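> Sending over a structure as structure tokens; questions will come in a sec.
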Amino acid sequence: MITITDISKWYGSFQVLADCTTAVEKGEVVVVCGPSGSGKSTLIKCVNGLEPVQKGSINVEGIEVTDKSTNLTKLRARIGMVFQHFELYPHMSVRENLCLAQEKVLRRSRDEANAKAEALIDRVGLLPHIEKHPGQLSGGQQQRVAISRALAMDPIAMLFDEPTSALDPEMINEVLDVMVELAQDGMTMMVVTHEMGFARKVADRVVFMDDGRIVEDRVTDQFFDHPESERAQDFLGKILNH
Amino acid sequence: MNYNWNWSVLFEEEYLGWLISGVGWTFAVALVAWVLALAVGVLVGVGRTLPSKPVAFICTAYVELFRNVPLLVQLFLWYFVVPEIVPDDMGRWLKRDLPNPEYVTAVIGLGLYTASRVAEQVRAGINAVGSGLTNAAYANGFSTAQTYRYVLLPISFRLIVPPMTSEFLTIFKNSSLALTIGLLELTAQSQQIAEYTFQGFEAFTAATVIYVVIALGATLIAQLLEKHTRIPGFVGKA
């Protein structure tokens, strides 16, 4: 469904992505991990064209993201994205956050959008908070709203950019639970995360990046049990020992 | 100091009328110029933040031009120079047939100058919202226009209420410069009362008090606006 072929990207003379190639099949969950600065967030932002690439191509369900003539707006409406810092619209209630794009982009009626919003917010256990503003919710609650906002668009795939990195430890699980459930429902997901427990539990494959390159791209168990590269062994040794 | 204080002069038939008329023109210049400044300033400020390089360049040029030339010079340019350099027919019309030329010139001069300052506030407000929310809106499927309409502008307008209040007060105070091209606004009328009655202290005290009252009133309205548009759990205090 998502095919990334040989992409490279530079910020000025600094290369952030170097010849990255990978793919996410329909229904598959792929976790992207690696040390900070390795380019994993940049890679995921290229998938829906939030970051342009200078070389290579990205194809999502037959649509060429990297083609200049592609209507990115239309494509982005079909791909959900969740950010590290939630990025909910602060001036709107939870309900409006979920309804706005449904009404303005998908042209759904107010009633239809509301029904969808309520069902999704109920699923993440936040129905009593639906009239509140994001600033009145905890980080974990905000991130669950953000996931619901993305799901309200009936996306064909979901991108997660370090969704739990800005959360207090006690709130991480409430967000991961929602993501696990989503994965088990068969959602196509590409997840940048340091949560190796989550990766082990639901990821079909793990992509390990370092220095803008994809160093390993393997089935989850193989990655954790027999990492090939020294860099990945080192990384896993550091984060799994605790 | 041997000065005969005579406050009653301010309430004498003719002079009171002059003061009231002056206040009227001050409001007429400041408010209409403010509308012009808001309209042009928002467009230019948004333009400076757009991805399009030519648009951003034109808007930056506007700001640098209007912000860097003294307002007094701009008023003189509009009033004395522009009618001479435009095509003959238009110049003749400007000089002969334009109704209320001092007033119209003051509104345009003050409005376009203040627009450059409003534009900078708008740009600062949009930049303060940050790229994270912009990305989120794009990822949500919004076009650039929708992202501005539903996300960036509603938030940045709230953020810039305090500095915009200052700009609003400044446009009232700057409107006094219109006296130099002959508009009989508040300061000009006070000066005239001083010249007719030799009670300069009283006349300018009256003008001072009126300017302060206008400013305090505007500040109060701005505070109410800020309170009314406050985002729960976000910016500002209750």
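The values are calculated or read from the model by the stated rules, or taken from the named source; none is laboratory data. For clarity, every value in this text was computed on a predicted model and none was experimentally measured. Cβ atoms come from the backbone with ideal geometry, glycine included; neighbour counts cover every protein chain shown. Calculation scope for accessible area: heavy atoms of the full protein, side chains included, ligands and nucleic acids excluded. Shrake-Rupley method; radii C 1.70, N 1.55, O 1.52, S 1.80 Å.
> For the stretch A:154-175, check the following and say yes or no: at least one residue is of a type in the set (Ser, Thr, Tyr) and open to solvent by 20 Å² or more (accessible area, probe 1.4 Å).
yes
> Taking A:Gln141 and the conditions (1) surrounded by fewer than 21 Cβ atoms within 10 Å (Cβ to Cβ); (2) more than 20 Å from A:Cys33 (Cβ to Cβ), which numbered condition does it fall short on, given that it satisfies the others?
Single failed check for A:Gln141: (1).
> Inside the stretch B:81-133, counting only helices (runs of 4 or more DSSP H) that do not spill past its ends, which hold 2 or more residues that are within 22 Å of B:Val40 (Cβ to Cβ) and of a type in the set (Gly, Ala, Ser)?
In the stretch B:81-133, the matching helices (runs of 4 or more DSSP H) lie at B:101-129.
> Residues to consider are B:Leu184, B:Leu220, B:Leu179, B:Leu216; find the one that is more than 14 Å from chain A (Cβ to nearest Cβ) and part of a loop (DSSP other than H, G, I, E, B). Let's see the steps before the verdict.
On the way: B:Leu220 fails: part of a loop (DSSP other than H, G, I, E, B); B:Leu179 fails: part of a loop (DSSP other than H, G, I, E, B); B:Leu216 fails: part of a loop (DSSP other than H, G, I, E, B).
So the residue among B:Leu184, B:Leu220, B:Leu179, B:Leu216 that is more than 14 Å from chain A (Cβ to nearest Cβ) and part of a loop (DSSP other than H, G, I, E, B) is B:Leu184.
> Follow-up question, since we're still on this one. Might you let me know whether the stretch B:77-90 holds any residue that is modelled with pLDDT under 95, hydrophobic (A, V, I, L, M, F, W, C) and touching a Pro at 6+ places or on another chain (Cβ under 9 Å)?
Scanning the stretch B:77-90 turns up at least one residue that is modelled with pLDDT under 95, hydrophobic (A, V, I, L, M, F, W, C) and touching a Pro at 6+ places or on another chain (Cβ under 9 Å).
> Regarding the stretch A:113-132, can at least one residue be identified that is of a type in the set (Gly, Ala, Ser) and surrounded by 19 or more Cβ atoms within 10 Å (Cβ to Cβ)?
Within the stretch A:113-132, one or more residues are of a type in the set (Gly, Ala, Ser) and surrounded by 19 or more Cβ atoms within 10 Å (Cβ to Cβ).
> Just checking, which of A:Met190, A:Met209 is modelled with pLDDT of 95 or more, over 27 Å from A:Arg95 (Cα atoms), buried (at least 22 other Cβ atoms within 10 Å of the Cβ) and under 17 Å from the mean Cα position of the chain (by Cα)?
Values: A:Met190 fails: over 27 Å from A:Arg95 (Cα atoms).
After ruling out the rest, the residue left standing is A:Met209.
> What pairs come out if I take residues in the stretch B:81-108 that are closer than 15 Å to B:Leu71 by Cα and without any contact (Cβ under 8 Å) to a residue 60 or more places away in the chain and pair them with residues that are open to solvent by 60 Å² or more (accessible area, probe 1.4 Å) and among the acidic types (Asp, Glu) whose C-beta lies under 9 Å away, six or more apart or interchain?
Listed pairs, sorted by first residue: none to list.
To keep it simple, each residue is scored yes or no on (1) hydrophobic (A, V, I, L, M, F, W, C); (2) more than 28 Å from B:Leu169 (Cα to Cα).
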| position | (1), (2) |
| --- | --- |
| B:Glu13 | no, yes |
| B:Cys59 | yes, no |
| B:Val63 | yes, no |
| B:Asn100 | no, no |
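> Separate question: Which members of the stretch B:79-129 meet the condition of being buried (at least 22 other Cβ atoms within 10 Å of the Cβ) and hydrophobic (A, V, I, L, M, F, W, C)?
The answer is B:Ala106, B:Val107, B:Leu110, B:Ala115, B:Val118, B:Ala119, B:Val122, B:Ile126.
> Here is a further query. Being closer than 17 Å to B:Val107 by Cβ and without any contact (Cβ under 8 Å) to a residue 60 or more places away in the chain is the filter here, so list the residues in the stretch B:60-72 that pass it.
The answer is B:Phe66, and nothing else.
> On to the next question. Among what's in the stretch A:48-62 and is over 17 Å from A:Ala18 (Cβ atoms) and not charged (D, E, K, R), pick the residue that is surrounded by the fewest Cβ atoms within 10 Å (Cβ to Cβ).
Going through the qualifying residues, I end up with A:Gly62.
> Further, regarding this structure: Are any of the residues in the stretch B:144-163 away from chain A (no Cβ under 14 Å), surrounded by fewer than 16 Cβ atoms within 10 Å (Cβ to Cβ) and more than 18 Å from the chain's Cα centre (by Cα)?
no
> Okay, moving on. On the given criteria, is B:Arg67 at pLDDT 95 or above, within 15 Å of B:Thr49 (Cα to Cα) and surrounded by 13 or more Cβ atoms within 10 Å (Cβ to Cβ)?
no
> Just to confirm my filter: which helices (runs of 4 or more DSSP H) fall fully inside the stretch A:41-149 and include at least 1 residues that are within 14 Å of chain B (Cβ to nearest Cβ), under 22 Å from B:Pro154 (Cα atoms) and of a type in the set (Lys, Arg)? Before you say what the answer is, go through the steps one by one.
Numbers: elements: A:72-76, A:94-104, A:110-123.
Helices (runs of 4 or more DSSP H) meeting the threshold: A:94-104.
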